[in-house]
Amino acid sequence: MGLTATRTRSATARREVPKSRGGRPTKTAAIERDQRLIEVATRLFLDRGFDATSLDAVAEAARVSKPTVYSRYGDKRGLFAAVLRREIERWLAPLSAAAETQLSSASDISVEQRLVEIGREMLTFTCGPDAVAFSRMMTSQAINFPDVAKLGKEEGWLKAVATTARFFDHLVAQGALDLEDTTIAAEVFLDVVVGHTHRMATFGTALEMKAAEKRMRAAIKLFLAGALGPADRVQDMRVQDMPKDAPKASPRRRPSR
């Protein structure tokens, strides 16, 4: 009885995968298997960290054969890269959605309020526990695996900058912002709005959402003002500092906020 029960459990422990006539998993089954592997690997990386997670443990938890995991991802670095790529896509989705929502929002909503809404979304997904945990792992492995750092930059940071820059392009076209380079503006915006809070969360500092939002709102005001102060004061300072025989420069347009 005990032997029979053991054999039954062993036979059912490994999940059945539909096979094609050639003996290989069907396309649908292979996709489901890969999704299951990524989900399991994500959980293990978050629970144990990079160093303490092995491909063997992932294979066992996902109920797939070890050769399947090794043939699909090569090594732990390849698996971590696949997990990181999927997580980055999840983090960027709210940013893209928030940008699209603000572009289609009523025209009477101020630029500042639109940026606040986007900043709030960014704080939520970039400073969440999973995002912070993966940021720590990526930072710790960047020296040994430069391609992981490259993936984080190209798939994460640069795409976030591009998404924000496209949003700024629309605002410039509407006359709501006056920016010479929307890409640089996007980099500055992302850094001042969420950079500090994300770094503090990565260092293990407890995140107080009320304080983080207060800081975000102040950073957005500073971003919109350009640290120049009132337009008339800036113009007066320019005139005072210019040589008497220098040609007068026309003041830059300051869109309404």
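The values are calculated or read from the model by the stated rules, or taken from the named source; none is laboratory data. What you are looking at is a predicted structure, and each value in this text was computed from that prediction instead of being measured. No Cβ is skipped: glycine too gets one built from the backbone with ideal geometry, and neighbour counts run over all protein chains shown. Accessible surface is based on the protein model in full, side chains and every heavy atom, while ligands, DNA and RNA are left aside. Shrake-Rupley method; radii C 1.70, N 1.55, O 1.52, S 1.80 Å.
Quick rundown of the values:
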{"item": "The range 52-121: proportion of alpha-carbon pairs further apart than 20 angstrom, %", "result": "52 percent"}
{"item": "Extension gain, S104 back to L222 (0.36 nm per residue minus Cα-Cα distance, nm)", "result": "40.0 nm"}
{"item": "Distance in nm between pseudo-label sites at D178 and M209 (7 Å out along the Cβ direction from Cα)", "result": "3.8 nm"}
{"item": "Rounded, prolate or oblate (a/c below 1.5 giving rounded, otherwise prolate when a/b exceeds b/c) for the range 121-231 by Cα gyration tensor", "result": "oblate"}
{"item": "Separation of the Q113 and R199 label points, Cα + 7 Å toward Cβ, nm", "result": "3.2 nm"}
{"item": "Scattering curve values for the range 55-95, log₁₀ I(q)/I(0), Debye with Cα scatterers, q = 0.22, 0.33, 0.34 Å⁻¹", "result": "-0.69, -1.04, -1.07"}
{"item": "Accessible carbon and sulfur surface of the range 152-216 relative to its total accessible area, %, 1.4 Å", "result": "56 percent"}
{"item": "If the convex hull is drawn through the Cα atoms of the range 67-170, its volume per residue in Å³", "result": "105 Å³"}
{"item": "Efficiency of FRET from Cβ geometry, S65 and R85, R₀ 25 Å, rounded to 0.05", "result": "0.60"}
{"item": "Segments 203-215, 154-166 sorted - mean Cβ within 10 Å per residue, highest first", "result": "154-166, 203-215"}
